[in-house]
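J.: Here it is: the structure, laid out below.
The values are calculated or read from the model by the stated rules, or taken from the named source; none is laboratory data. These figures come from a predicted structure and were not determined experimentally. When we count neighbours, we look across all protein chains shown, and the Cβ atoms used for this are built from the backbone with ideal geometry, even at glycine.
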Amino acid sequence: MRLTGAEIVVRALEDEGVRFCFGIPGTHNIELYDALASSDQVRAVLVTDEQSAGFMADGVWRASGQLACANLVPGAGLTHALSGIAEAYLDGVPMLVLGCGIRQDSGRAFQLHDVDQLVMARPVTKAAVRVTEGKGLYRAIRSACAIARSGTPGPVMVEVPVDLYLFQHAMDDEGLQAEPVEEPPQASAEQVRRAAILLSEPGARPLLYLGLGAAGAGGDLVTLAERLGAPVATTISGKGVFPESHPLFLWNGFGPAAPPFARRVAGDCSVTLAIGCRFSEVGTGSYGCEPRGPLIHVDVNPAVLHRNYRATLGIVADSAAFVRALLHLIPSPVGGGRVPHLHDTIRQGHEAVQGERLEQRSPDRVTPAVLLEALQRRFGPQTIYATDSGNGTFLAMECLRLEHAGSFLAPVDYSCMGYAIPAAIGAKLARPDAPVVALAGDGAFLMTGLELLTAASQGIPLAVFLLRDGELAQIAQLQETAFHRKVATVLPDYHAGSLAEALGVEWLALQRDEEIEEVLERVARIVGEGRPVLVDSAIDYDRKTWFTRGIVKTNLARLPWRDRMRLVIRAMGRRLP
Ligand SMILES: Cc1ncc(C[n+]2csc(CCOP(=O)(O)OP(=O)(O)O)c2C)c(N)n1
Ligand SMILES: [Mg+2]
């Protein structure tokens with residue numbers, strides 16, 4: 001049979017279950033776009049800027065577990081998209097980066113968009129390959145998707161030269177078959193036995209620390225925590241992997257960037273089981289977390305074990321299989337005596353933290369905890385929240401109590417501003433059944449807010465909350481603490497409503513707490529009718545997050561005393577009248 005390269009690629013995408021290709025067409029891939037138009041399954045979604053293509057594909061996967069594609073023209077398309085690809089790379093999110101390449105058959109130099117794309121893509125992808133023959137296209141796409149999903153997931157780039165898209169290729173059945181997928185690594189029986197002994201020996205007081213990589217273990221994580229009588233902390237990316245209404249849920253972190261009750265509970269543990277996490281800088285609050293006792297670290301990627309924290313027992317394994325095997329060896333509760341007290345301490349701790357937040361209400365602006373609590377009440381437990389890079393990420397992390405993996409989408413380890421709105425669009429496309437809320441800082445909004453046009457034109461009903469504080473707060477707060485002045489972090493004022501109107505998007509102003517319920521009522525109505533809405537929210541950031549306070553303390557304490565004194569004296573001196 002003879003198929004064009006474009007038809008072959010679309011068939012591979014369909015066989016991988018890909019439903020969305022995000023991008024902007026160019027001369028090199030119009031043939032592919034034409035083939036996409038004939039697909040019942042794969043939808044070509046036009047973006048306003050390719051950086052959003054990566055964020056949208058990321059949002060699709062985090063919200064639904066479905067692989068999506070960033071579909072890019074050579075050079076300029078790729079360079080615009082690199083931010084989203086890099087975020088996915090550092091946050092362990094799989095995606096197919098479908099690049100296209102210049103003509104191989106013309107023999108000419110100085111072709112349009114011609115740069116070495118594979119070299120650019122390599123540092124931010126798990127693999128970057130060029131296909132040079134039509135008959136290898138199908139397998140290349142299928143194996144790229146398999147690599148993207150395997151181990152620690154991540155983006156994989158395939159560059160398809162334009163001539164392959166254009167021309168027909170003779171294909172037989174073998175050319176349209178994928179390589180078998182490799183099984184994930186398993187723990188040995190001895191490793192599981194040693195872990196079980198450390199966790200369940202008399203007097204053991206385990207802490208569970210779960211990252212996004214633990215998500216596959218699902219409800220078994222609850223069973224494990226209950227059998228061990230263990231408090232559970234998660235990473236930031238892992239928020240929701242363990243249901244946060246559970247009485248053993250502690251916090252998203254456990255070091256100085258967590259509130260005192262969470263630090264005390266974690267500090268009283270005698271052994272730590274970390275699953276599917278890698279102790280990254282952001283996740284650990286600048287490496288402020290210190291796991292107590294022996295550390296059992298389980299991850300599918302051997303390179304993360306012993307890297308930042310030495311493990312007593314490092315286990316390379318798929319998290320779901322490991323937790324199942326562990327539960328076989330711990331068939332009944334072992335941490336009995338500790339549990340009632342733990343439940344009380346954790347409940348009182350959360351109540352105190354929430355009480356304190358709600359006590360300090362802002363008189364003339366929106367109190368973050370009040371808004372986030374109202375959002376949870378209004379939109380329910382199925383809601384997906386996409387945050388951006390900034391103060392809003394940590395506020396949302398600290399105030400929202402989430403029940404499911406895939407309900408908290410945040411740019412964590414690459415921490416790229418501009419993430420929230422496009423990621424929310426991806427999430428809503430993949431999960432039309434779930435309410436989707438984007439929380440975008442007023443700085444980040446300037447980067448990808450134009451994607452509201454995509455949401456409006458494609459009928460994607462998002463609720464976008466613009467967290468309007470007039471500053472690049474996450475940085476301005478650090479500047480204020482350390483230098484007592486803000487340099488290049490005060491934003492010029494802009495009228496977001498006019499922008500929304502220009503894009504055909506309804507907008508609402510939210511000025512103070514008393515207006516929240518009414519505004520949410522209107523938001524629910526608009527998204528219920530299938531349209532996106534922007535809420536320009538005058539947010540009060542006066543109260544710093546536990547996270548920000550924690551990392552300032554941790555980083556200051558780590559400086560040599562001379563530099564510490566210099567910083568403290570300078571900050572104090574500038575505060576003098
Ligand atoms: C692309 C990019 N540029 C710069 C930064 C550095 N940065 C991290 S958070 C932040 C502040 C973001 O401001 P805004 O979007 O208004 O959010 P806020 O912190 O005010 O909630 C900045 C500038 C970044 N993370 N990403
Ligand atoms: Mg801001």
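J.: Which of (1) among the acidic types (D, E); (2) within 9 Å of ligand 1 (Cβ to nearest atom); (3) within 21 Å of G65 (Cβ to Cβ) is the odd one out, the single condition D388 does not satisfy?
T.: (3) is the only condition that D388 fails.
J.: Considering the range 431-469 alone, what residues qualify as being more than 16 Å from ligand 1 (Cβ to nearest atom), among the small types (G, A, S) and over 18 Å from the mean Cα position of the chain (by Cα)? So that I can check it myself, show each step before the final result.
T.: Here is the first cut: in the range 431-469, the ones more than 16 Å from ligand 1 (Cβ to nearest atom) are 431-436, 453-463.
Now drop any that are not among the small types (G, A, S), which leaves 434, 455-457, 459, 463.
A455, A456, S457, G459, A463, listed by residue number.
J.: Please go through the range 309-344 and give me each residue that is surrounded by 14 or more Cβ atoms within 10 Å (Cβ to Cβ) and not in a helix (DSSP H, G or I), ordered by number.
T.: Result: Y309, A311, T312, L313, G314, I315, V316, A317, D318, I330, V334, G335.
J.: Now for a separate question. From T489, T454, which residue is of a type outside the set (A, V, I, L, M), in the same structural domain as N391 (by TED's automatic domain parsing) and within 16 Å of ligand 2 (Cβ to nearest atom)?
T.: On the way: T454 fails: within 16 Å of ligand 2 (Cβ to nearest atom).
Matching residue, one of T489, T454: T489.
J.: If R263 meets every condition in (1) touching a strand residue (DSSP E or B) at 6+ places or on another chain (Cβ under 6 Å); (2) at pLDDT 95 or above; (3) over 30 Å from R149 (Cβ atoms) apart from one, which number is that one?
T.: (1)
J.: May I pose another question? Which one is farthest from Y419 (Cα to Cα), of the residues in the range 457-486 that are more than 12 Å from ligand 2 (Cβ to nearest atom) and among the charged types (D, E, K, R)?
T.: R485
J.: Can you tell which of T152, T125 is over 30 Å from P294 (Cα atoms), touching a strand residue (DSSP E or B) at 6+ places or on another chain (Cβ under 9 Å) and at pLDDT 95 or above?
T.: Numbers: T152 fails: over 30 Å from P294 (Cα atoms).
Unique residue meeting the criteria: T125.
J.: Among D318, D344, which is in contact (Cβ under 8 Å) with a residue 60 or more places away in the chain and among the acidic types (D, E)? Spell out the reasoning first.
T.: Numbers: D344 fails: in contact (Cβ under 8 Å) with a residue 60 or more places away in the chain.
The match here is D318.
J.: Okay, next question. What residue, of A352, A396, A369, A405, is assigned to a helix (DSSP H, G or I) and more than 16 Å from ligand 1 (Cβ to nearest atom)?
T.: Working: A396 fails: more than 16 Å from ligand 1 (Cβ to nearest atom); A369 fails: more than 16 Å from ligand 1 (Cβ to nearest atom); A405 fails: assigned to a helix (DSSP H, G or I).
From the options A352, A396, A369, A405, the qualifying one is A352.
J.: In the list R378, R361, R365, which residue meets the criterion of being surrounded by fewer than 24 Cβ atoms within 10 Å (Cβ to Cβ) and within 16 Å of ligand 2 (Cβ to nearest atom)? Lay out the reasoning, then the answer.
T.: Numbers: R378 fails: within 16 Å of ligand 2 (Cβ to nearest atom); R361 fails: within 16 Å of ligand 2 (Cβ to nearest atom).
Every option except R365 fails the conditions.
J.: Does the range 548-571 contain at least one residue that is at negative phi, within 16 Å of ligand 2 (Cβ to nearest atom) and within 33 Å of the chain's Cα centre (by Cα)?
T.: Quick first cut of the range 548-571, residues at negative phi only: 548-571.
Then keep just the ones that are within 16 Å of ligand 2 (Cβ to nearest atom); that gives 548.
Going one step further and asking which of them are within 33 Å of the chain's Cα centre (by Cα), we end up with 548.
There is at least one residue in the range 548-571 that is at negative phi, within 16 Å of ligand 2 (Cβ to nearest atom) and within 33 Å of the chain's Cα centre (by Cα).
J.: Would you mind telling me which numbered condition in (1) free of Cβ contacts under 8 Å to residues at least 60 places away in the same chain; (2) away from ligand 1 (no atom under 14 Å from the Cβ) L491 fails?
T.: Single failed check for L491: (2).
Matching residues to (1) more than 29 Å from E87 (Cα to Cα); (2) of a type in the set (S, T, Y):
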residue: A320; (1), (2): no, no
residue: H328; (1), (2): yes, no
residue: P333; (1), (2): yes, no
residue: P340; (1), (2): yes, no
residue: R357; (1), (2): yes, no
residue: S362; (1), (2): yes, yes
residue: Q382; (1), (2): no, no
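J.: Which condition from (1) at pLDDT 95 or above; (2) assigned to a loop (DSSP other than H, G, I, E, B) is the one that G255 breaks?
T.: (1)
J.: Right, next: I'd like the full set of residues that are under 28 Å from the mean Cα position of the chain (by Cα) and assigned to a strand (DSSP E or B), limited to the range 98-129.
T.: Filtering the range 98-129 for residues under 28 Å from the mean Cα position of the chain (by Cα) gives 98-100, 117-129.
Passing the criteria: L98, G99, C100, A127, A128, V129.
J.: Look at the range 416-472 and say how many of its residues are more than 13 Å from A386 (Cα to Cα), of a type in the set (G, A, S) and out of contact with any Phe, Trp or Tyr (no Cβ under 9 Å at 6 or more places or on another chain).
T.: 7
J.: Determine which member of the set K428, K486 is charged (D, E, K, R), in contact with a strand residue (DSSP E or B) (Cβ under 9 Å, 6 or more places away or on another chain) and more than 15 Å from ligand 1 (Cβ to nearest atom). Can you show your working first?
T.: On the way: K486 fails: more than 15 Å from ligand 1 (Cβ to nearest atom).
On inspection, the qualifying residue turns out to be K428.
J.: Does the range 513-529 contain any residue that is within 16 Å of ligand 2 (Cβ to nearest atom) and under 26 Å from D364 (Cα atoms)? Full working, then the answer.
T.: Step one: of the range 513-529, the residues within 16 Å of ligand 2 (Cβ to nearest atom) are none.
Looking for residues that are within 16 Å of ligand 2 (Cβ to nearest atom) and under 26 Å from D364 (Cα atoms), one finds none in the range 513-529, hence no.
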